């Protein structure tokens, strides 16, 4: 497991770079996911533009002006934060021993912040000065939808994060308020409160609403935009799940009772008797997680096709959330592992969603009716998530006597919406096809 890039470089290359402790693996792959989504979305928007499915809007800009005071201040501020926190951490002893705590503290290097802030402001001043004209001019430019990908991705990130956190609070309010109390008492940092337990479907719903509002404002055909987003969203989800798997963010599956763990975090095939003994050995931890051992849901599936044990039962050693029991011969943060191996559901999802992305990418030019690709995405997304929920650890609701998770409810709605959109798209949008 690699909770941050420090652990990755240490294990793979044998080098220790303290500054890399501040680069969380989950956040790193989320950034990669947004870059991948931006690339796929840009390609699709350009393709649809060539088909004549989009129109441009005109905007008036002023060129040739020197850098304004506000521009210089913004760039100075960004440079100051980078120098004060990121570079400044290299001048403080043990700053990166707990990166999340350091980031949300008041620690840093003021001189480095002022220096880097000044450099950022000078770069902006120099950049604008090279383009300065004796008399600034007004020019009208054409803005196509693919020119707005940066804005679309930023909107998706901001509103997606807000929605993901909101739905997580709605799904498990007691856990949120317990963590909030721990933050107030100084037992946990603010970062844990903000970035733990993000719910994908909450982010998807709130980000979709924000993107629709943005598209209407800038006269972008919503149904065409939905089709363009379909493969991009699937790719982003797959890449994001790499972060979940690599960092061990707690988004894993139920226990696979075909395995037990040893004290260095390895998964070992076990008999039913050995599994039962492991249950009692770790009863204190398991009771704290599930109430009683009897309430812990588990399933037994042995490896097949010669695949490695970890694909069926993984202990997430060095997981970023510190869940589990202590690893042997490990000190400091990120020294826990799960005493009973669980199904690595993030790995299953990243594999499934990469395959589904390739399918969407392959058929995107063959589906001529607007809305069909978006409908197919909803079906794929909802079906994949519904079935993965069967082996995931999640809070459940009691609905008409059935125990069902928030994600299962939403995934069913998405599948139904996808089927309706796919079957009705010709009637609703057939005239828009080109």
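Just so you know, all these numbers are worked out from the coordinates, no wet-lab data involved. The shown structure was predicted, so the numbers you read here are calculated from the model rather than taken from an experiment. When we count neighbours, we look across all protein chains shown, and the Cβ atoms used for this are built from the backbone with ideal geometry, even at glycine.
Observations
- GNM flexibility winner over the chain from 222, 141, 254 (Cα, springs under 10 Å): 141
- Relative exposure of 22, 32, judged by other C-beta atoms within 10 Å (fewest first): 32, 22
- Taking a ≥ b ≥ c as the square roots of the eigenvalues of the alpha-carbon gyration tensor, region 356-432 is classed oblate because a/c is 1.5 or more while a/b is no larger than b/c.
- Size of the chain: Rg and Dmax of its alpha carbons, in Å, are 24.8, 85.
- Between residue 274 and residue 151, the simple label model (points 7 Å from Cα in the Cβ direction) yields a spacing of 6.0 nm.
- If the segment from residue 169 to residue 32 were pulled out straight at 0.36 nm per residue, it would be longer than the present Cα-Cα gap by 46.7 nm.
- Gyration tensor (alpha-carbon) shape descriptor, region 1-66, a/c threshold 1.5: oblate
- Cβ-based exposure ranking for 330, 353, in which fewest neighbours within 10 Å come first: 330, 353
- Residues listed by number, region 216-241, amide nitrogen under 18 Å from residue 46 label point at 7 Å toward C-beta: 225, 228-233
- Shape call, region 253-386: gyration tensor on alpha carbons, a/c limit 1.5: prolate
- For the pair residue 302 and residue 390, label points projected 7 Å from Cα toward Cβ lie 2.1 nm apart.
- Under the simplified labelling scheme, the residue 81-residue 141 pair shows an inter-label distance of 2.4 nm, with each label point 7 Å from Cα along Cα→Cβ.
- Cα centroid separation, region 39-87 to region 212-272: 29 Å.
- Order of 1, 234, 311 - criterion: other Cβ atoms within 10 Å of each residue's Cβ, fewest first: 311, 1, 234
- Whole-number percent relative contact order across the chain, with pairs defined as alpha carbons under 8 Å at least 6 apart: 17 percent
- Theoretical FRET efficiency, 1/(1+(r/R0)^6), r = Cβ-Cβ of residue 329 and residue 355, R0 41 Å, to 0.05: 0.60
- Structure-based [θ]222 nm, the chain - -39500 (n - 2.57) summed over DSSP H runs of at least 4, per residue, nearest 500: -18000 deg cm²/dmol
- With q set to 0.20 Å⁻¹, the log10 of I(q)/I(0) for region 264-319, from the Debye formula over equal scatterers at the Cα positions, is -0.90.
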